[in-house]
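Just below is one structure, and these are the notes that go with it.
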Amino acid sequence: MATLKSVKKTGSINVQGTDVNLTVTVVQGVGSRNDISVPGNGEGYQIINATKGWDFMPFMGQASPEEVSADKLKASQGLLDLQGLLFNYKEKGSQIELLGKENVEGAEAYKLKLTNKLGVVSTLFIDTKTNYLVRSITTAKGANGDENTEVTYSDFKKTDEGYVFPFSQAIDRGTIIFSAIETNKPVDEKI
């Protein structure tokens, strides 16, 4: 995992009958950029780095890019960690507590509570047979108090470089299906 320096994922999600194209580009510890293309409604993006973040979603009524709130930036810092919340968690200043086991999508999973150094709490579900992360629930402060972001991961595949990724991620708006995932390719950090 320590050799994972960049990831580029290309995929789509169907939102209310419209296929929305996504490209997610992350450079370990530097920045994350999500490019979103809605046919007939334009293109937008979300950019997060260690100190700031910006959203531009014209299809959601935004006329120009807007800086994200401090709470959203804090909650999004995990996006910069390609190696995962569990990899070297002590060195990252996180604490983990085993909460037992729970059934996730018909499989037994270890339930872990991870609190990072910024105080963001994630509940992680690790399949007891594969040791893959199959669900995460992150709790962060939002405009209306604490908000949970839940993701269920499936369709795990190994890339040509030997990394295993979930090619399917179910979120509240639908399921993201990635058609391609590239690792450790050069990324222009200006993006």
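The values are calculated or read from the model by the stated rules, or taken from the named source; none is laboratory data. Nothing here was measured: the structure is a model prediction, and the numbers come from that model. With ideal geometry, Cβ positions are generated from the backbone for all residues, glycine too; neighbour counts draw on all protein chains shown. Accessible surface is based on the protein model in full, side chains and every heavy atom, while ligands, DNA and RNA are left aside. Shrake-Rupley method; radii C 1.70, N 1.55, O 1.52, S 1.80 Å.
Miscellaneous remarks
- Single residue of GLY53, GLY100 found to be free of Cβ contacts under 8 Å to residues at least 12 places away in the same chain and either open to solvent by less than 30 Å² (accessible area, probe 1.4 Å) or of a type in the set (S, T, N, Q) (or both): GLY100
- Any chance PHE178 is of a type outside the set (Ser, Thr, Tyr), in contact (Cβ under 8 Å) with a residue 24 or more places away in the chain, touching a Pro at 6+ places or on another chain (Cβ under 7 Å) and not in a loop (DSSP other than H, G, I, E, B): no
- Test result for VAL15, more than 17 Å from the chain's Cα centre (by Cα), modelled with pLDDT under 95 and over 26 Å from ASP146 (Cβ atoms): no
- Tally of residues being without any contact (Cβ under 8 Å) to a residue 24 or more places away in the chain and among the charged types (D, E, K, R) across region 1-42: 2
- Of all residues in region 107-127, none satisfies being over 22 Å from LEU80 (Cβ atoms), open to solvent by 60 Å² or more (accessible area, probe 1.4 Å) and outside any strand (DSSP E or B).
- Scanning region 74-91 turns up one or more residues that are touching a residue at least 60 places away in the same chain (Cβ under 8 Å), surrounded by 15 or more Cβ atoms within 10 Å (Cβ to Cβ) and out of contact with any strand residue (DSSP E or B) (no Cβ under 9 Å at 6 or more places or on another chain).
- Set PHE156, PHE167: member being at pLDDT 95 or above and crowded, with 16+ Cβ neighbours inside 10 Å: PHE167
- Every pair of residues 6+ apart whose Cβ atoms lie under 8 Å, when the first sits in region 147-163 and is within 16 Å of GLY84 (Cα to Cα) while the second is open to solvent by less than 90 Å² (accessible area, probe 1.4 Å) and assigned to a loop (DSSP other than H, G, I, E, B): TYR153/TYR132; PHE156/THR130; PHE156/TYR132; TYR163/LEU4
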